[in-house]
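The block underneath contains the structure these notes are about, expressed in structure tokens.
The values are calculated or read from the model by the stated rules, or taken from the named source; none is laboratory data. Worth saying up front: this structure is predicted, and the values here are computed from it rather than measured. Backbone-built Cβ (ideal geometry, glycine too); neighbour counts: all protein chains shown.
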Amino acid sequence: MKMYITLMSAYGATAGIEYKFGGTVANTLDAHRLIQHFQEAKGPEVADKLVNSLYHQYFEEEKHPSSPDTLYQACKDAGIEEREAKVVIEDEYEALMDVKNLILEQQGNGVDSVPFVTIEGRKRDLTIQGANEVGDYVKALQTIVKESS
């Protein structure tokens, strides 16, 4: 754990993120429902704002990742009106099947960790799964370029 904290703190420092490691680890299904619903309803820009707020609250403020307070704050930060947010946050079934189907689809594709990045090449695709160094991504991209020439 000490190595993880050291590594994540170093990564965060280069990106302006001050990670804290004392928050609650919990199920994030409700956060995923919220993101899925508003990505469909309002587009990727709003979903990106939701994700940024959720990450900030969880990783820097140690907030519970799926508590109603956290979800309402994420909606506020994304410019979503409270009445719109309430419909999704309080209805545990809103976007639930969409999220569960996406999870099943990815499990069927062999995804069992994040991040999961597939780089499509002309001759073959390369997949990078789990925590990796920047150099691993660079090497994969260089391989795809070389094989595509």
(Q) Need the failing condition index for V51 against (1) more than 30 Å from K139 (Cβ to Cβ); (2) without any contact (Cβ under 8 Å) to a residue 24 or more places away in the chain, just the number. (A) (1)
Q: Could you please find all residues in region 56-85 being among the hydroxyl-bearing types (S, T, Y), part of a helix (DSSP H, G or I) and touching a residue at least 40 places away in the same chain (Cβ under 8 Å)?
A: none
Q) Right, K139: assigned to a loop (DSSP other than H, G, I, E, B) and not assigned by TED's automatic domain parsing to the domain that holds E18 or not? A) no
(Q) So, F59, is that one touching a Phe, Trp or Tyr at 6+ places or on another chain (Cβ under 6 Å), crowded, with 17+ Cβ neighbours inside 10 Å and either closer than 15 Å to E92 by Cα or assigned by TED's automatic domain parsing to the domain that holds D98 (or both) or not? (A) yes
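Any residue at all in region 67-79 that is aliphatic (A, V, I, L, M), over 30 Å from Q142 (Cβ atoms) and either modelled with pLDDT under 95 or out of contact with any Leu (no Cβ under 7 Å at 6 or more places or on another chain) (or both)?
Keep residues of region 67-79 that are aliphatic (A, V, I, L, M), which gives 71, 74, 78.
Now narrow it down to the ones that are over 30 Å from Q142 (Cβ atoms): 71, 74, 78.
Okay, now just the ones that are also either modelled with pLDDT under 95 or out of contact with any Leu (no Cβ under 7 Å at 6 or more places or on another chain) (or both), so none.
Scanning region 67-79, I find no residue that is aliphatic (A, V, I, L, M), over 30 Å from Q142 (Cβ atoms) and either modelled with pLDDT under 95 or out of contact with any Leu (no Cβ under 7 Å at 6 or more places or on another chain) (or both), so the answer is no.
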Q | Test result for T14, assigned to a helix (DSSP H, G or I) and either modelled with pLDDT under 95 or surrounded by fewer than 14 Cβ atoms within 10 Å (Cβ to Cβ) (or both) | A | yes
